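So the structure is just underneath, and the comments pick up after that.
Nothing in this text is a laboratory measurement; each read-out follows from the coordinates by a stated rule. Everything numeric in this text was worked out from a predicted model, so none of it was measured. All Cβ positions, even for glycine, are placed from backbone atoms using ideal geometry, and neighbour counts span all protein chains on display.
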Amino acid sequence: MISTAGLTKHYGEVQAVDGLDLHVRRGEIYAFLGRNGAGKTTTIRMLLGLVRPTSGRVTVLGTDIAPGATAVFSRVGYLVEAAAAYPDLTVRENLDLQRRLTGAGREAVGEAMDLLGLSGSADRRAGQLSLGNKQRLSLARALLHRPDLLILDEPANGLDPAGIIEVRRLLRRLVDESGVTVFMSSHILAEVAHLADRIGIVHEGRLLQELDFDELRARTRAYLDIGVSEPDRAAGLLREQLGLDLIERRPEGGLRVFDGSDRGPEIARALISAGLDLTRLVPVQEDLESYFIRMTGGES
Amino acid sequence: MLGQVIATEFLKLRRAKITWLTALGIAIGPLFGGLFMWILQEPGRAERLGLIGQKAQFLGQAADWPTYFALLAQMTGIVSVVLFSLVTAYVFGREYSDGTAKNMLALPVTRAWFPVAKLLVVLVWCGLLTVVIITVGFLVGAALKLPGFSVTLAAASVGEILLVALLGYLLMPVVAWIAALGRGYLAPLGFALLTLLLGMGLGATGWGKWFPWSIVPLFAGIAGPRTETLASGSLVVLALTCAAGVAATIWLFTYADNNQ
């Protein structure tokens with residue numbers, strides 16, 4: 001549905017996107033994850049032809065995206081960055097503009113409002129909507145013409161927790177029932193953890209990993225978080241006596257032991273026998289968020 | 001599809017306060033013209049009113065329809081630079097100020113239709129504003145019971161006002177380009193003021209007939225002695241300016257990066 005080859009965008013000296021190779025399959029929800037400034041929005045703009053790549057290629061639904069490509073967009077719905085609408089026009093009128101420009105039927109406006117829970121605000125001016133409802137209006141705009149592919153940049157922006165769950169369900173339903181493919185960006189892994197089928201992690205314009213969500217879960221680490229007096233001596237002791245190797249000295253004091261997460265009692269005995277004060281020994285399963293932060297070069 | 005794009009561009013103006021504000025703004029021109037006529041009708045009033053009276057006496061020799069029509073043409077010359085630019089800045093700049101430009105660029109619609117449709121909207125809007133000048137002008141002139149009216153004079157004067165407005169409109173594609181390039185209202189409005197000043201200044205020199213923003217004021221009689229007929233060179237300059245503006249705006253919509 002989407003593929004990119006060596007997709008690159010420079011702004012002068014700044015390398016916003018660097019040699020990105022993406023592959024999004026039909027009927028999946030692909031979460032494009034990265035911290036703020038990682039290159040997510042620039043990538044999405046290139047997928048939509050809003051920004052021309054410095055080099056590389058974008059193919060969407062079998063069409064090479066270039067300035068002249070228009071027909072393909074009858075099958076693509078999108079939302080880029082901040083939600084935007086004509087403030088003097090009502091919700092219904094804003095959607096009617098989109099309907100006319102995408103060639104959708106008259107009934108599409110009502111259906112899109114129903115889907116996003118906007119029917120009660122149909123005659124309110126867009127300028128008077130809350131941030132959350134503006135986001136809903138933008139999502140309704142993206143869905144209005146029943147596209148085969150949805151490209152959504154941070155779709156949960158501005159939505160309250162209930163709204164996020166609602167949109168999550170809606171996207172899942174569109175994928176399961178209508179075979180829609182969703183490419184969505186996010187900077188919060190937890191936001192897509194219950195939704196995505198596959199994940200691409202982008203950092204400083206480069207794709208670090210592209211993997212199935214189950215695979216991602218398997219890659220998260222388990223470790224023992226240990227609070228102990230004399231951590232350096234304790235680390236040496238665990239290496240010598242128990243043959244543990246993957247020990248990380250924490251800056252705030254204490255240790256993390258990655259290759260002995262199932263050897264808690266043994267470790268406790270060894271440390272206490274050596275006369276060390278053991279203040280904490282907690283088995284930890286790294287969550288996805290920590291994994292994501294670790295992958296993108298942050299502190300886990 | 002161009003028809004749908006044009007329809008949506010008109011729909012975007014629904015409830016926009018600026019449509020009424022520009023209509024009110026433009027009505028001030030003929031009303032001021034009427035004020036000058038009213039003062040000129042009684043020179044004693046002009047003296048009592050000080051500077052306004054002196055300016056009014058300077059502008060027109062007599063309080064009659066020929067003088068008033070000439071004033072209306074002059075007003076149109078200024079208005080076509082200032083208010084038409086405001087209209088163009090709004091129609092193009094709002095897409096960037098409201099953040100909606102990005103919503104237009106990945107649709108099953110040729111991107112060039114958007115600037116074309118917008119320029120058409122600007123043409124119709126500016127045409128209606130010119131109709132307001134003419135209509136208010138006739139009402140004010142009739143209310144003041146100005147002498148010297150004839151159908152021939154009225155037809156010629158209306159034709160002249162429409163021509164001044166049309167020539168002013170030819171400069172708008174460049175304003176549209178500036179709005180798209182500057183991504184908002186400020187740049188085109190600043191550009192309009194700058195060109196108004198430059199146009200008036202250069203109009204007083206021999207270069208006026210070659211500088212696009214002097215040609216309209218010269219023809220309208222507000223930058224030096226009035227040019228009764230347009231030199232063919234001036235027409236070519238205006239046509240080229242218009243064509244370059246249209247081409248540059250279409251190019252921007254089609255090829256420029258949108259990082260909004």
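Observations on the structure shown:
- In sequence order, region A:137-148 has phi-based couplings of 4, 5, 5, 4, 4, 5, 8, 3, 8, 6, x, 7 Hz under the Karplus curve 6.51 cos²θ - 1.76 cosθ + 1.60, θ = phi - 60°, and Gly or Pro positions carry x.
- Computed over chain A with a Gaussian network model linking Cα atoms closer than 10 Å, the most mobile of A:Val76, A:Val167, A:Val228 is A:Val228.
- Taking a straight Cα-Cα cut-off under 28 Å and skipping sequence neighbours fewer than 8 places away in the same chain, the lysines within cross-link reach of B:Lys209 are B:Lys55.
- Here chain A has an Rg and Dmax of 24.1, 79 Å, counting Cα atoms alone.
- Note on chain A: helix-only mean residue ellipticity at 222 nm, from DSSP H runs of 4+ residues weighted -39500 (n - 2.57) and normalised by residue number, equals -10000 deg cm²/dmol.
- Kirkwood hydrodynamic radius computed over region B:2-255 comes to 19.1 Å, based on all pairs of distinct alpha carbons.
- Legend: helices of chain B (whole DSSP H runs) are marked when their alpha-carbon atoms reach 18 angstrom or more along the helix axis and their mean Kyte-Doolittle hydropathy is at least -0.5; marked are B:17-41, B:65-97, B:113-143, B:151-169, B:186-203, B:232-255.
- 20 Å Cα-Cα threshold exceeded, pairs from A:Lys134/B:Lys17; B:Lys12/B:Lys118; B:Lys12/B:Lys102: A:Lys134/B:Lys17
- For region A:167-259, the orientation-averaged shadow of the C-alpha convex hull comes to 8.8 nm² (one quarter of the hull surface).
- Over the C-alpha trace of the protein assembly as shown, radius of gyration and Dmax come out as 33.2, 118 angstrom.
- Cα convex hull, region A:220-295: 85 Å³ per residue, rounded to a whole number.
- Nonlocal amide H pairs with A:Glu81, under 5 Å, H built at 1.01 Å: A:Asp153
- Put simply, the amide H of A:Leu244, placed in the peptide plane, has neighbours under 5 Å in A:Arg239, leaving out anything fewer than 5 places away on its chain.
- FRET efficiency, A:Asp277 to A:Ile165 (Cβ-Cβ, R0 56 Å, nearest 0.05): 0.80
- Taken residue by residue and averaged, Cβ atoms of other chains lying within 10 Å of the Cβ of A:68-77 number 3.
- In this label model, B:Glu42 and A:His194 are separated by 8.1 nm, measuring between points 7 Å along each Cα→Cβ vector.
- Amide H contacts for A:Leu281 (H built 1.01 Å from N in the peptide plane; partners 5 or more residues away or on another chain; cut-off under 5 Å): A:Gly227.
- Acute angle (nearest 10 degrees) that the helix A:264-273 long axis makes with the longest principal axis of chain A, alpha-carbon atoms: 40 degrees
- Using the Cβ-Cβ distance between A:Gln15 and A:Arg239 with R0 set to 30 Å, the FRET efficiency from 1/(1 + (r/R0)^6) comes to roughly 0.15.
- Taking other Cβ atoms within 10 Å as a rough exposure proxy, B:Ile133, A:Ile272, A:Ile293 sort from fewest to most as A:Ile272, A:Ile293, B:Ile133.
- Rounded to 10°, Cα long-axis angle of helix A:91-102 versus longest principal axis of chain A: 80 degrees
- Helix A:231-242 axis, angle to chain A major axis (alpha carbon atoms, nearest 10°): 80 degrees
- Computed from backbone phi, the HN-Hα couplings of region A:67-82 come to x, x, 6, 10, 4, 4, 6, 6, 10, 10, x, 8, 9, 10, 6, 5 Hz, rounded to whole numbers (Karplus: 6.51 cos²θ - 1.76 cosθ + 1.60, θ = phi - 60°; Gly and Pro given as x).
- 20 Å reach of a label modelled at A:Thr59, 7 Å along Cα-to-Cβ, counting backbone N of region A:1-18: A:1-9
- Of B:Trp251, B:Trp20, B:Trp213, the sequence from fewest to most neighbouring Cβ atoms within 10 angstrom is B:Trp20, B:Trp251, B:Trp213.
- Taken over region A:25-83, the alpha-carbon convex hull comes to 115 cubic angstrom per residue.
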